[in-house]
Amino acid sequence: MPELTYREALNEALLEEMERDDCVFLMGEEVAEYDGAYKVSKGLLDRFGDLRVVDTPISELGFAGLSVGAAMVGLRPVVEFMTFNFSVLALDQVLHSAAKMLYMSGGQFNIPMVFRGPTGAALQLAAQHSQALESWYAHAPGIKVVAPGTPADAKGLLKSAIRDDDPVVVMEGELLYNIRGEVPEGEHLVPLGLADLKREGDDVSIITHGKMVHLALQAAGRLQREGVEAEVLDLRSLRPLDVEAVLASVRKTNRAIYLEEGWPYAGIGAQLVATIQEEAFDHLDAPVLRVTQADVPMPYAKNLEQLAKPNVERVVDACRRVLYRD
Amino acid sequence: MESGMAQANMSGIPEHQNDPFDDPLKGFSEEELLGFLRQMLLFRRFEEKAEEGYAIGKIGGFCHLHIGQEGSAAGCIGPLRPDDYLVTAYREHTQALAKGVGPKQVMAELYGRASGSSSGKGGSMHIFGVDQAFMGGHGIVGGQVPLATGMGWAIKYRGEDRVAMCFMGEAAVNQGAFHESLNMAAIWQLPVIFVVENNEYGMGTAFRRVSATKVEERSAAYHIPASVVNGQEVLETFRHFEELVKEVREGGGPRFVEVRTYRFRGHSMSDPVSGTYRSKNEVSEQTEKNDPIKILRDRLFEADVLSQEALEVMDQEVRALVSEAAEFADAAPLPDPSELYTNVYSQINEHGRLFFDGRDR
């Protein structure tokens, strides 16, 4: 199996889907002549021309809405947000148009499209460029949300998202674009709504998504040295959500934490805690804890930023607490 | 008046369409003239019936009537082909009718019934008609403008000869979505006609109080040719749009039109007709002198195309149609409770949970 970067895996997914289906086009800031701010669309302009790989003005609301309009009449747009921080400018069109068109038209207009780009913090980008907004999108019925953490999942989920008949928000990770991993060639589809057990363990479940998968695996390595076998469940898809996989893991380990980059209040972890206590209460031997970003805007100073972000130590500590080992 | 006025004007400085020396009826057959009158009368009676339905509690929520603006619905939409896209805001009942959605289906939607154009899920603000290329009533001011631009994009993408027409009220030209859309329509030369129905008031705020420049100047920054037409003169409006649609269909790029009109009712059924923002006198003067139906009626009387008796017959006919629509709506079933969860997603994925309120457990 060839080893690709996360960036190359996304590029391969776009290229394959655009070759397969003429209705698929890519639109966003810097996606064409500049090859994408993070080079995800490298080479696609030469391959497909400027009607299918389209540089836009810096008008997130406008080009997101334009793409929803194109999807209403049967095209399958892929909108790239340079980062999901900027997607907030387009939220009106995602929330009011894409998410609701099918419902308020009584089933007449579905919106087969993708909104994609990086979510979460990178390094010292400060308050406006470091947000993880997964829960904003997962909150609204009508939208589907995926967050791949590995190159193979990035390719497989983006391909499935492009083929899905509903609006799918694909949240990538800025610090993931350079990571390498094995990626199946050609027709590699990861279905929406299917979690992936990235590590098996009997003692505690670390449930997470996106970039945090790697932090969870590091924490599991540390815990192993203490004699604790942690299970790492990567949700991959936040809506639809693989509740069965979550419950199966909790039933096995009886202890769980949720790890995410976003803020705690009404975050993805809050939903997971609710679901676990509603549906697996009797299997729990400890409260479900969460490791999240500190409940503050992201600071710039390196030391403060490190304090604000989830880290291995905090994940290990949370696992110890649900194991009553501290 | 011969049209063709808009295409030479690439500066974006608008041209006005009034030419007092021309015979407004010229070029229309009697059948066409009576057709316009009948259509506007249907729109008026339909909205009056909706008003009645609202008053007796059959219609709920927000309900924005188009009374006074019928000339715009008939004149702008008339020249469109059935497969041309029409996208609009929430004052859209008559626009849906003009595009071919049936009065029964629109009324049943207002009544929140399963037989409604959106199966009762949309209501007054969200009428859709996929078969009529009526692409919706949208409820966020200006939100429909990018959508129309996207339909224009799809037309260009597929190399079709359709056009996309986008209605908005004048207040929408102060939204960012409007400006972003006009810019993109201009750089990509998309086949979109942006139609601003200027009824002077965004809810209770006069346009001039909140706008640094006039409506007609708003496309100049994007070099989209602009024009102004009197929407209370349906024939003039129709002729103008006939020409515009032709130009855009032939690849002329986007167009921008201010249609001057006036709303005879409050912003919505829950708002007053007049009050602090406009006087009773202003409204009654407009209703008296600037009613698109009366203006055409009087012209047809003068030209002997219409008699008082014929008008009464016509009015009885459209009243019967509208009553039929209301009876149909009233007799139509409510949506089945099982419909609560349909149409949220068009594809229920094989794996995972999509709903989090206990339904899937």
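Considering the range A:67-216 at the alpha-carbon level, its Rg and Dmax are found to be 16.0, 51 Å. Calculated on the Cα set of the range A:196-322, radius of gyration then Dmax: 13.8, 44 Å. Modelled spin labels at B:Ala206 and B:Ser279, positioned 7 Å past Cα toward Cβ, are 1.1 nm from each other.
Sorting A:Arg163, A:Arg320, B:Arg91, B:Arg263 from the fewest to the most surrounding beta carbons within 10 angstrom yields A:Arg320, A:Arg163, B:Arg263, B:Arg91.
Using only DSSP helix segments of four residues or longer, with each worth -39500 (n - 2.57), what per-residue ellipticity at 222 nm results for the protein assembly as shown after dividing by its residue count and rounding to 500? So the helix-based figure for the protein assembly as shown works out to -11000 deg cm²/dmol. Relative intensity of the range A:24-116 on a log10 scale, I(q)/I(0) at q = 0.18, 0.19, 0.23 Å⁻¹, equals -0.74, -0.81, -1.10, per a Debye sum over C-alpha point scatterers of equal strength in the absence of solvent. Strictly over 19 Å apart at the Cα level, which of B:Lys156/B:Lys246; B:Lys49/B:Lys121; B:Lys26/B:Lys99; A:Lys100/A:Lys144; A:Lys39/A:Lys155; A:Lys159/A:Lys309 would you flag in this model? Beyond 19 Å between Cα atoms: B:Lys49/B:Lys121; B:Lys26/B:Lys99; A:Lys159/A:Lys309. Rounded, prolate or oblate: which fits chain B when a ≥ b ≥ c are the square roots of the eigenvalues of the alpha-carbon gyration tensor, with rounded for a/c under 1.5 and prolate only if a/b beats b/c? It is oblate, given that a/c is not under 1.5 and a/b is not larger than b/c. With θ taken as phi - 60° and the Karplus curve 6.51 cos²θ - 1.76 cosθ + 1.60 applied, the whole-hertz 3J(HN,Hα) list for the range B:307-318 is 10, 4, 5, 5, 5, 5, 4, 4, 5, 4, 4, 6 Hz, x standing for glycine and proline.
With both residues required to sit in chain B, DSSP beta bridges show an antiparallel share near 10%. Highest mean first, the peptides B:58-64, B:338-344, A:253-259 sorted by other C-beta atoms within 10 Å per residue fall in the order A:253-259, B:58-64, B:338-344. The mean count of C-beta atoms from other chains within 10 Å of the C-beta of residues in B:178-184, rounded to a whole number, is 5. Note the angle between two axes, namely the Cα long axis of helix A:312-322 and the longest principal axis of the Cα atoms of chain A, as a number of degrees from 0 to 90, rounded to the nearest 10. It works out to around 50 degrees. With R₀ fixed at 35 Å, the C-beta to C-beta distance from A:Leu15 to B:Ala221 puts the FRET efficiency at about 0.40. Shown here are the Rg and Dmax of the Cα trace of chain A, at 19.5, 60 Å.
When you count, for each residue, the other Cβ atoms within 10 Å and take the mean per peptide, how do B:109-116, B:225-232, A:235-242 rank with the highest first?
A:235-242, B:225-232, B:109-116
In this structure the amide hydrogen of A:Glu172, modeled in the peptide plane, comes within under 5 Å of the amide hydrogens of A:Gly117, A:Thr119, none closer than 5 places in sequence on its chain. Sorting A:His129, B:His93, A:His188 from the fewest to the most surrounding beta carbons within 10 angstrom yields A:His129, A:His188, B:His93. Local charge for A:Tyr38 was computed over the other residues whose Cβ lies under 13 Å away, with Lys and Arg +1 and Asp and Glu -1, and equals -3. In terms of surrounding Cβ atoms within a 10 Å radius of their Cβ, A:Lys198, A:Lys144 rank from fewest to most as A:Lys198, A:Lys144.
Considering every residue in A:191-202, what mean count of other chain Cβ atoms within 10 Å of its Cβ is obtained?
Counting other chains' Cβ atoms within 10 Å and averaging over A:191-202 gives 2.
Distance between the pseudo-spin-label points of B:Glu32 and B:Lys294 (7 Å out from Cα toward the beta carbon): 2.7 nm. Packing, as the average of other Cβ atoms within 10 Å across residues, places the peptides A:2-8, A:305-311 in the order A:2-8, A:305-311, highest first.
Each Lys or Arg adds one and each Asp or Glu takes one away; over the other residues whose Cβ falls under 14 Å from the Cβ of A:Met298, this sums to -2.
No value in this document is a laboratory result; all are computed from the given coordinates. These numbers come from a predicted model, not from an experiment. Virtual Cβ from ideal backbone geometry, glycine too; neighbours counted across all protein chains shown.
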